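A.B. asks: Next up is a structure, given as structure tokens.
The values are calculated or read from the model by the stated rules, or taken from the named source; none is laboratory data. The structure presented is a predicted model; accordingly, all values stated were derived computationally and were not measured. Every residue, glycine as well, gets a Cβ built from its backbone with ideal geometry; the counts of neighbours run over all protein chains shown.
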Amino acid sequence: MSLDIVKLAAFAKEQGFIYPGSEIYEGIAGVYDYGPLGVELKRRLADLWWRAMVQLHENIVGLDSAILMHPRVWEASGHVEAFHDPMVDNKVSKKRYRVDTLIEEYAQRLEEKARRETEKKLRKKGAPLHRLEEEVQQQKDFQRAQLLKDRLSQALARKDWAALTSLLQEEQIPCPESGSTEWTPVRQFNLMFSTHLGPLAEEAQEIYLRPETAQGIFVDFPLVLRTGRLKVPFGIAQIGKAFRNEIVARQFIFRMREFEQMEMQFFVQPGTEAYWYEVWKEKRLRWHLHLGLKPELLRFKDHEHLAHYAQAATDIEFAFPFGFRELEGIHSRTDYDLSRHAAFSGKRLEYYDETQAQSYVPYVIETSVGLDRLILAHLSQGYTEEMAPTAEGGEELRIVLKIHPLIAPIQVAVFPLIRKEEFVQKARLLYEELRFFFMSAYEEKDSIGRRYRRYDAKGTPYAITIDGQTLEDETVTIRDRDTLQQVRVPMSQVRAYLGERLEVAHWLRTL
């Protein structure tokens, strides 16, 4: 099933996962609130990341640095000078786009068109499809797409905005909304939010809301090193808010102005960075797979244009409803950040290696995943519409959110089959026991079938029903959300049964 992002956003709002920010005032573009289910999903994903990164690594510690930092931090990091995006406006639709994204997506559509037409021709001729990729490369649309990407790459490397303007005009690249090819000249826009620190406007100091969380780690590097008694290699992990004045905030929560990052900076001896870069690529991909993201929906994509601080960089991309896009970045940042902060602050940011009796500035391997994008990945993969059997022996369409049980906002729901005192009493008793160990819900309204469907859509992996047999032998029915299979379990063993499937420790041991 092809899932439309607008449909997913409507589902997320209806179920209480994600709301438009300030909706009663007609909202703010690119700003969202997390509802009762969304905040649970967000908290669980963040907790599992933290456990995998900090709890399981004796050489990685945590940090929570401030959002507001000294303005010199952003001069040292290069953000004041270089944190800009090339943007362009369409004169007809009045929409603004990042020009690199606009051209890349157009090139991708040309490639997909060439691939569809080539496959169609091969099938018509009865030719083997193993020749598909070879044949595609001969198509004019495919060759044009490659030329577009080459010209884009060259212009970005030179920061030649006039060349990008010419590329849009010469190739007649259309606006996705209006189809118009009338564009303004390409311009740069600073992505940092500024504010003022101080009680009096005339004396206030201009500072920035942090556009990333990494710099807090670099600034606190010497303090963490000393107080944590750490030895290279070691890491510092952080989860926190970041802010970017995105000119084009779109695609639901994929690109927002206020978002949350989960980052880890791993400090290594110079010369070993290539090894650790590969280690962390493998570790981070395994973590995503272990939480249920499908391997066919994930891929690595190396950066063609490296950031000013990077020696190597790759993205773990996920196949969102609008195509493969970055989910997590793994970067080899060299010693750029620590060296720059040392130069700007006048402080020594070095590590003394006792075994080699020498000091050096460590190199850094960064892993950075957007928590909001991670939520979007799990929602878009998990949202499923399928036919399911009814109690009457027929079939009906059900919407079910098939997400990993450990990240389900509500992990278990307890239902009395009917609203009679003896059923309700036992159901409430079981619910009161389970709620201390699992995020649980109790529901007695509507038919049992409707309750099952309601919690299927919330992503609840297990539903427990107190029925007539429970009154006879103290067993309950536990229904699996995905398979719809039901098993009878003694009430006294329900907690243990769920613990085997919902205990984080079991999951961590297999990472």
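A.B. asks: Basic (K, R), in contact with a strand residue (DSSP E or B) (Cβ under 9 Å, 6 or more places away or on another chain) and not in a strand (DSSP E or B): does that describe K281? Give the steps one after another, and end with the answer.
C.D. replies: Numbers: basic (K, R): yes; in contact with a strand residue (DSSP E or B) (Cβ under 9 Å, 6 or more places away or on another chain): yes; not in a strand (DSSP E or B): yes.
For K281, the condition - basic (K, R), in contact with a strand residue (DSSP E or B) (Cβ under 9 Å, 6 or more places away or on another chain) and not in a strand (DSSP E or B) - is met.
A.B. asks: Would you point out which residue out of Q265, Q269, Q356 is out of contact with any Cys (no Cβ under 6 Å at 6 or more places or on another chain), of a type outside the set (A, V, I, L, M, F, W, C) and without any contact (Cβ under 8 Å) to a residue 24 or more places away in the chain?
C.D. replies: Numbers: Q265 fails: without any contact (Cβ under 8 Å) to a residue 24 or more places away in the chain; Q269 fails: without any contact (Cβ under 8 Å) to a residue 24 or more places away in the chain.
Going through Q265, Q269, Q356 in turn, just one is out of contact with any Cys (no Cβ under 6 Å at 6 or more places or on another chain), of a type outside the set (A, V, I, L, M, F, W, C) and without any contact (Cβ under 8 Å) to a residue 24 or more places away in the chain: Q356.
A.B. asks: Anything in segment 62-94 that is over 30 Å from F234 (Cβ atoms) and either of a type in the set (S, T, Y) or buried (at least 16 other Cβ atoms within 10 Å of the Cβ) (or both)? List them, or say none.
C.D. replies: Listed by number, the residues that qualify are D85, P86, M87, V88, D89, N90, S93.
A.B. asks: May I pose another question? Can you report the number of residues in segment 455-484 which are without any contact (Cβ under 8 Å) to a residue 60 or more places away in the chain, under 17 Å from E396 (Cα atoms) and surrounded by fewer than 18 Cβ atoms within 10 Å (Cβ to Cβ)?
C.D. replies: 1
A.B. asks: Of F259, F300, F324, which residue is of a type in the set (F, W, Y), exposed (fewer than 15 other Cβ atoms within 10 Å of the Cβ) and in a strand (DSSP E or B)? Write out each step before concluding.
C.D. replies: Working: F259 fails: exposed (fewer than 15 other Cβ atoms within 10 Å of the Cβ); F324 fails: exposed (fewer than 15 other Cβ atoms within 10 Å of the Cβ).
Criteria check complete, one pass: F300.
A.B. asks: Looking at segment 380-393, which of the residues that are out of contact with any Phe, Trp or Tyr (no Cβ under 7 Å at 6 or more places or on another chain) and within 21 Å of H288 (Cα to Cα) is surrounded by the most Cβ atoms within 10 Å (Cβ to Cβ)? Let's see the steps before the verdict.
C.D. replies: Initial filter on segment 380-393 (out of contact with any Phe, Trp or Tyr (no Cβ under 7 Å at 6 or more places or on another chain)): 381-382, 384-393.
Filter again for within 21 Å of H288 (Cα to Cα), leaving 381-382, 384.
On the way: Q381: 20, G382: 17, T384: 15.
Per the stated criteria, the residue is Q381.
A.B. asks: A follow-up question, please. Considering only residues that are assigned to a helix (DSSP H, G or I) and at pLDDT 75 or above, which ones fall in segment 118-145?
C.D. replies: Taking segment 118-145 first, the residues assigned to a helix (DSSP H, G or I) are 118-125, 129-136, 140-145.
If the condition is that a residue be assigned to a helix (DSSP H, G or I) and at pLDDT 75 or above, then T118, E119, K120, K121, R123, K124, K140, D141, F142, Q143, R144, A145 are the ones that fit.
A.B. asks: Looking at segment 157-183, which of its residues are charged (D, E, K, R), under 14 Å from K91 (Cβ atoms) and surrounded by 14 or more Cβ atoms within 10 Å (Cβ to Cβ)?
C.D. replies: Initially, segment 157-183 is screened for residues charged (D, E, K, R), giving 158-160, 170-171, 177, 182.
Applying the additional criterion that residues be under 14 Å from K91 (Cβ atoms) yields 177, 182.
Within segment 157-183, E182 is the sole residue that qualifies.
A.B. asks: Also: Test of understanding: among E386, E395, E326, E422, which residue is among the acidic types (D, E), without any contact (Cβ under 8 Å) to a residue 60 or more places away in the chain and assigned by TED's automatic domain parsing to the domain that holds R479? Even if it seems obvious, please write down each step before you answer.
C.D. replies: Details: E386 fails: assigned by TED's automatic domain parsing to the domain that holds R479; E395 fails: assigned by TED's automatic domain parsing to the domain that holds R479; E326 fails: assigned by TED's automatic domain parsing to the domain that holds R479.
Criteria check complete, one pass: E422.
A.B. asks: Hey, any hits in segment 273-283 for a residue that's of a type in the set (A, V, I, L, M) and in contact with a His (Cβ under 8 Å, 6 or more places away or on another chain)?
C.D. replies: If we filter segment 273-283 for residues that are of a type in the set (A, V, I, L, M), which is where we start, we get 274, 279.
Retained after the next criterion (residues that are in contact with a His (Cβ under 8 Å, 6 or more places away or on another chain)): none.
No, there is no match, as no residue in segment 273-283 is of a type in the set (A, V, I, L, M) and in contact with a His (Cβ under 8 Å, 6 or more places away or on another chain).
A.B. asks: Next up: With (1) within 21 Å of the chain's Cα centre (by Cα); (2) farther than 30 Å from I478 by Cβ; (3) part of a loop (DSSP other than H, G, I, E, B) as the list, and H308 as the residue in question, which single condition is left unmet?
C.D. replies: In the conditions (1) within 21 Å of the chain's Cα centre (by Cα); (2) farther than 30 Å from I478 by Cβ; (3) part of a loop (DSSP other than H, G, I, E, B), H308 misses (1) alone.
A.B. asks: Another one. Which residues, taken from segment 434-446, are within 34 Å of the chain's Cα centre (by Cα) and acidic (D, E)? I'd like the intermediate steps shown before the answer.
C.D. replies: Residues of segment 434-446 within 34 Å of the chain's Cα centre (by Cα): 434-443.
The one that is within 34 Å of the chain's Cα centre (by Cα) and acidic (D, E): E443.
A.B. asks: To continue, here is another question. Which members of segment 300-320 meet the condition of being under 12 Å from Y336 (Cβ atoms) and in contact with an Asp or Glu (Cβ under 8 Å, 6 or more places away or on another chain)? Walk me through it before giving the result.
C.D. replies: Residues of segment 300-320 under 12 Å from Y336 (Cβ atoms): 306-311.
Across segment 300-320, the qualifying residues are Y309, Q311.
A.B. asks: With respect to the numbered conditions (1) under 28 Å from A312 (Cα atoms); (2) surrounded by fewer than 23 Cβ atoms within 10 Å (Cβ to Cβ), which one is the sole condition not fulfilled by E396?
C.D. replies: Condition not satisfied by E396: (1).
A.B. asks: While we're on this one: For segment 131-150, indicate whether the set of residues that are touching a residue at least 24 places away in the same chain (Cβ under 8 Å) and under 14 Å from P86 (Cα atoms) is non-empty.
C.D. replies: No: segment 131-150 contains no residue that is touching a residue at least 24 places away in the same chain (Cβ under 8 Å) and under 14 Å from P86 (Cα atoms).
A.B. asks: Has segment 184-194 got at least one residue that is free of Cβ contacts under 8 Å to residues at least 40 places away in the same chain, loosely packed, with under 14 Cβ neighbours inside 10 Å, under 32 Å from the mean Cα position of the chain (by Cα) and not in a helix (DSSP H, G or I)? Walk me through it before giving the result.
C.D. replies: Our first condition is that a residue be free of Cβ contacts under 8 Å to residues at least 40 places away in the same chain; within segment 184-194, this holds for 194.
With the extra rule that they be loosely packed, with under 14 Cβ neighbours inside 10 Å, the set shrinks to 194.
Then drop every residue that is not under 32 Å from the mean Cα position of the chain (by Cα), which leaves 194.
Then drop every residue that is not not in a helix (DSSP H, G or I), which leaves 194.
Checking segment 184-194: at least one residue is free of Cβ contacts under 8 Å to residues at least 40 places away in the same chain, loosely packed, with under 14 Cβ neighbours inside 10 Å, under 32 Å from the mean Cα position of the chain (by Cα) and not in a helix (DSSP H, G or I).
A.B. asks: For segment 195-251, give me each residue that is modelled with pLDDT under 85 and in a loop (DSSP other than H, G, I, E, B).
C.D. replies: If the condition is that a residue be modelled with pLDDT under 85 and in a loop (DSSP other than H, G, I, E, B), then G198, P199, L200, A204, N245, E246, I247, V248, A249, R250 are the ones that fit.
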